[in-house]
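Notes to accompany the following structure.
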Amino acid sequence: MQTVTRKRIEILADAPLVPRIVAALGKADIRGHTVLPALGGSGRTGSWSEDRLTGSEKRLVMAIASAEHARAFVDALAPLLDSHRLLLTIGDVEVVRGDRF
């Protein structure tokens, strides 16, 4: 089976920002995405864990797109990158049925 290269996009963000991230995906014409709960981790400022009582719920938003659509998404998301603590990663991935992305 043949594969094609696409971009895998992952954004780690506070849960209340997910609707704005999904809107930026739509603005970049990326129609499919998945949202997963993020339970904990560590980074530059230390360890963190999901805590619904204090409002520190985090989500991981994932999507696969063409390089062109991934660039458009980064442009649409740029204002949030500057104002919120988002982790945005984009990497190459091989997919089957590349016409769907």
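Each reported figure results from applying straightforward, stated rules to the coordinates on display, with no laboratory input. Computed from a predicted structure; not experimentally measured. Cβ coordinates were reconstructed from backbone atoms using ideal geometry, including for glycine residues, and neighbour counts include every protein chain displayed.
Taking only DSSP H segments of four or more residues, each worth -39500 (n - 2.57), what value at 222 nm results for the chain once the sum is divided by all its residues, to the nearest 500 deg cm²/dmol? The per-residue figure over the chain is -8500 deg cm²/dmol. Given [x] 6.9; [y] 5.8; [z] 6.5 as candidate values of mean projected area of the Cα convex hull in nm², which corresponds to the one derived from the coordinates? Comparing each candidate, only [x] matches the computed number.
In the chain, taking the dipole from charged Cβ atoms about the Cα centre, the farthest positive-side position among I90, F101, L60 is held by F101. For the range 76-82, 3J(HN,Hα) computed residue by residue from phi via the Karplus equation (6.51, -1.76, 1.60; θ = phi - 60°) reads 5, 8, 3, x, 6, 4, 6 Hz, glycine and proline entered as x. Protection proxy ranking, highest mean first, for peptides 60-72, 86-98: 60-72, 86-98, where packing is the per-residue count of other beta-carbon atoms within 10 Å, averaged. Charges were assigned to the Cβ only: +1 to each Lys and Arg, -1 to each Asp and Glu. The resulting dipole of the chain about its Cα centre is roughly 100 debye.
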